[in-house]
Number of protein chains: 2
Amino acid sequence: MNSRQGDDMREIRRGRETGTLGKLMTLVDLVALSDRPMRFTDILSLSDQPRGTLHRQLSHLVEEGLLEIDRDGCYLPGIRLLSLASRSWARNEFRTVAEPHLRLLQAQTGETVHLGVLRGTEVIYLDKVEGRQSVRMYSQIGNASPAYCTGVGKAALSALDDTSFGARVAGLEFHAYTEHTHRSLADLRADIEAIRRRGCAFDREEHESGICCVAAPIYSDDNDMLAGVSVTGPAYRVTPGKLEEWAPLVKAAAAAIMQDMHSRLGPRR
Amino acid sequence: MNSRQGDDMREIRRGRETGTLGKLMTLVDLVALSDRPMRFTDILSLSDQPRGTLHRQLSHLVEEGLLEIDRDGCYLPGIRLLSLASRSWARNEFRTVAEPHLRLLQAQTGETVHLGVLRGTEVIYLDKVEGRQSVRMYSQIGNASPAYCTGVGKAALSALDDTSFGARVAGLEFHAYTEHTHRSLADLRADIEAIRRRGCAFDREEHESGICCVAAPIYSDDNDMLAGVSVTGPAYRVTPGKLEEWAPLVKAAAAAIMQDMHSRLGPRR
DNA sequence: CTTCTTGTTCCATTATTTGGAACGTGATTT
DNA sequence: AAATCACGTTCCAAATAATGGAACAAGAAG
């Protein structure tokens, strides 16, 4: 058999065992994560598939509405994704439970509040509550950012024990988004230690210049779900002092959310 | 050419020609569109698949993050959908082009403005601009509603010629959401006629009691894209008089969006 | 203890996907 | 105008993945 000779331990390759679906979703990712619209040939060069095969795969994806093809012949993510996602969002019980607490935290601090869950080494934002001028709704929701340089991400990571943490961040690459971004696993590990002791994470312009935040971890008893809640704002308003001042509020919000999760979802059948 | 031999009008079956992917997406729909979390057996009874087959299919979907399985063993839409959708939304050029016009229309009327595209006989909302208190952001975005009882939907349908219209609504079922909902194809057809003459559609509590709106169609020259823009609000504020008053504004917004579409997307390569 | 119900695994059979090559078509060059 | 090229699309035998029935666990109910 040609399968996976040697029992390679990686398997970092996302779901290489889902057969046809996996190959197709790789294409969806390719299209959705690229910054520019992609033509058939662009995709062809990035995916190592024969032309005929790729063509049929893309056709199927378009047929199913996961991709769309615009008048220039470029492939784009399809709106069916939007439609499915809106269901996923509206019915997400975790988000629903957390929402009132996010609102409270927003009211207490006046700054933007985020709720995000950890998926692999990325944070996916599930909800956002802003103050007055809603700059751009939706925006952040659904967005994926690296865990190692975001408040919510680091907070969530801090809920893992050393072994699980090590396994999860193995092979992680550190991209320097700003001059404050952690450069290595050692940096991150030290920060995580501090976060564990402190009970909350700070992000002082590590992901985006001029943006600071304070975040607290949310986790289920069996750690099958890791998340975080944060208060974020521009550095000129969100000073180190403010961060310290808000830390207890953020921790309280996280605690309250976990509490509610327990009473609403805890009683498992 | 084998193209459309015989011009078979069937093809109503949603993408039954996408092989494995089609079957899997049917399952995703099943889970995403149900109102309650579904257990394995629930899905089993709705999909006519053997147990073993269904189990593997669901496993693959979970593996790929399109579905998730909660601690009760219930299947839910996965957050990867959210993440993909946020890309789809942020990069949607139509939405981007339309946005400033939606804002203007919102400012002019003070009520909520929607942008939606027609997909089959459903409208999918692409964007929404609200006034002061953003009751609940996201909410409507990505939502799918029947075209025959929504302002945006009827407006979009009115851009079709009789033949295309007939083909599209063939077999459409009319569900009576309110006492004003169209009950039959004849009702709808008559309304569409009026909308064509008038250049805009009214929805007077046809989809939801107490909610009225006025909408105008947006379409590309070759009709490969049908959409609409609307102003919506509670019946006590959005009186018949207001609807008439706003009609020109809504039509102007639609016209402006089409204009911009032409100059930004028109020059095809 | 026995009998259901629910979920999971296995594997020969079957259907789908694959990949290479050939075919169109319009643009660019000779 | 003819020849060449870049880009998509279609076809079909061969390779591969999905199928479905049955057997296997593990609880819950009788």
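Within region A:235-267, the residues that satisfy the criterion of being over 13 Å from A:Pro100 (Cα atoms) and β-branched (Val, Ile, Thr) are A:Val238, A:Thr239, A:Val250.
Residues are listed down the side, and each one gets a yes or a no for (1) over 29 Å from B:Leu67 (Cβ atoms); (2) buried (at least 16 other Cβ atoms within 10 Å of the Cβ); (3) within 8 Å of DNA strand D (Cβ to nearest atom); (4) at the interface with chain B (Cβ under 9 Å from one of its Cβ atoms):
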{"residue": "A:Arg39", "(1), (2), (3), (4)": "yes, no, yes, no"}
{"residue": "A:Asp42", "(1), (2), (3), (4)": "yes, yes, yes, no"}
{"residue": "A:Ser45", "(1), (2), (3), (4)": "yes, no, no, no"}
{"residue": "A:Arg51", "(1), (2), (3), (4)": "yes, no, yes, no"}
{"residue": "A:Glu64", "(1), (2), (3), (4)": "no, yes, no, yes"}
{"residue": "A:Leu67", "(1), (2), (3), (4)": "no, yes, no, no"}
{"residue": "A:Asp70", "(1), (2), (3), (4)": "no, no, no, yes"}
{"residue": "A:Gly78", "(1), (2), (3), (4)": "no, yes, no, yes"}
{"residue": "A:Leu81", "(1), (2), (3), (4)": "no, yes, no, yes"}
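For region B:60-73, does any single residue satisfy the condition of being of a type outside the set (Val, Ile, Thr), near DNA strand C (Cβ under 9 Å from one of its atoms) and at pLDDT 90 or above? Taking every residue of region B:60-73 in turn, none turns out to be of a type outside the set (Val, Ile, Thr), near DNA strand C (Cβ under 9 Å from one of its atoms) and at pLDDT 90 or above. Within region A:115-126, identify whether any single residue is more than 11 Å from chain B (Cβ to nearest Cβ), under 30 Å from A:Gly241 (Cα atoms) and either of a type in the set (D, E, K, R) or touching a residue at least 12 places away in the same chain (Cβ under 8 Å) (or both), and answer yes or no. Yes: region A:115-126 contains one or more residues that are more than 11 Å from chain B (Cβ to nearest Cβ), under 30 Å from A:Gly241 (Cα atoms) and either of a type in the set (D, E, K, R) or touching a residue at least 12 places away in the same chain (Cβ under 8 Å) (or both).
Looking at region B:179-190, can you tell me whether even one residue there is touching a Pro at 6+ places or on another chain (Cβ under 8 Å), more than 14 Å from chain A (Cβ to nearest Cβ) and within 19 Å of B:Leu118 (Cα to Cα)?
Within region B:179-190, the first condition is being touching a Pro at 6+ places or on another chain (Cβ under 8 Å), and the residues that meet it are none.
Checking region B:179-190: not a single residue is touching a Pro at 6+ places or on another chain (Cβ under 8 Å), more than 14 Å from chain A (Cβ to nearest Cβ) and within 19 Å of B:Leu118 (Cα to Cα).
A:Glu93 meets each of the listed conditions (1) more than 9 Å from every other protein chain (Cβ to nearest Cβ); (2) in contact (Cβ under 8 Å) with a residue 24 or more places away in the chain; (3) over 28 Å from A:Thr26 (Cβ atoms) apart from (1). Looking at region B:17-36, which of its residues are touching a helix residue (DSSP H, G or I) at 6+ places or on another chain (Cβ under 9 Å) and either more than 11 Å from DNA strand C (Cβ to nearest atom) or open to solvent by 90 Å² or more (accessible area, probe 1.4 Å) (or both)? Residues satisfying the conditions are B:Glu17, B:Lys23, B:Met25, B:Leu27, B:Val28, B:Asp29, B:Leu30, B:Val31, B:Ala32, B:Leu33, B:Ser34, B:Arg36.
What are the residues in region B:215-269 that are in contact with a Phe, Trp or Tyr (Cβ under 6 Å, 6 or more places away or on another chain) and either surrounded by fewer than 16 Cβ atoms within 10 Å (Cβ to Cβ) or within 16 Å of A:Arg71 (Cα to Cα) (or both), if any? Give the derivation first.
Keep residues of region B:215-269 that are in contact with a Phe, Trp or Tyr (Cβ under 6 Å, 6 or more places away or on another chain), which gives B:226, B:231, B:243.
Answer for region B:215-269, where residues must be in contact with a Phe, Trp or Tyr (Cβ under 6 Å, 6 or more places away or on another chain) and either surrounded by fewer than 16 Cβ atoms within 10 Å (Cβ to Cβ) or within 16 Å of A:Arg71 (Cα to Cα) (or both): just B:Leu226.
The criterion of at least 2 residues that are without any contact (Cβ under 8 Å) to a residue 60 or more places away in the chain is met by the following strands (runs of 3 or more DSSP E) wholly inside region A:168-269: A:201-204, A:211-219.
Taking A:Leu160, is it away from chain B (no Cβ under 14 Å), closer than 26 Å to A:Leu249 by Cβ and assigned to a loop (DSSP other than H, G, I, E, B)?
Values: away from chain B (no Cβ under 14 Å): yes; closer than 26 Å to A:Leu249 by Cβ: yes; assigned to a loop (DSSP other than H, G, I, E, B): yes.
Judged against the criteria, A:Leu160 is a match.
Give B:His60, B:His114, B:His55 a once-over and let me know the one that is in a helix (DSSP H, G or I), crowded, with 19+ Cβ neighbours inside 10 Å and either within 20 Å of the chain's Cα centre (by Cα) or not assigned by TED's automatic domain parsing to the domain that holds B:Ile211 (or both).
B:His60
The values are calculated or read from the model by the stated rules, or taken from the named source; none is laboratory data. Remember, it's a predicted structure, so these values are computed and weren't measured experimentally. No Cβ is skipped: glycine too gets one built from the backbone with ideal geometry, and neighbour counts run over all protein chains shown. SASA here: full protein model, heavy atoms, side chains in, ligands and nucleic acids out. Shrake-Rupley method; radii C 1.70, N 1.55, O 1.52, S 1.80 Å.
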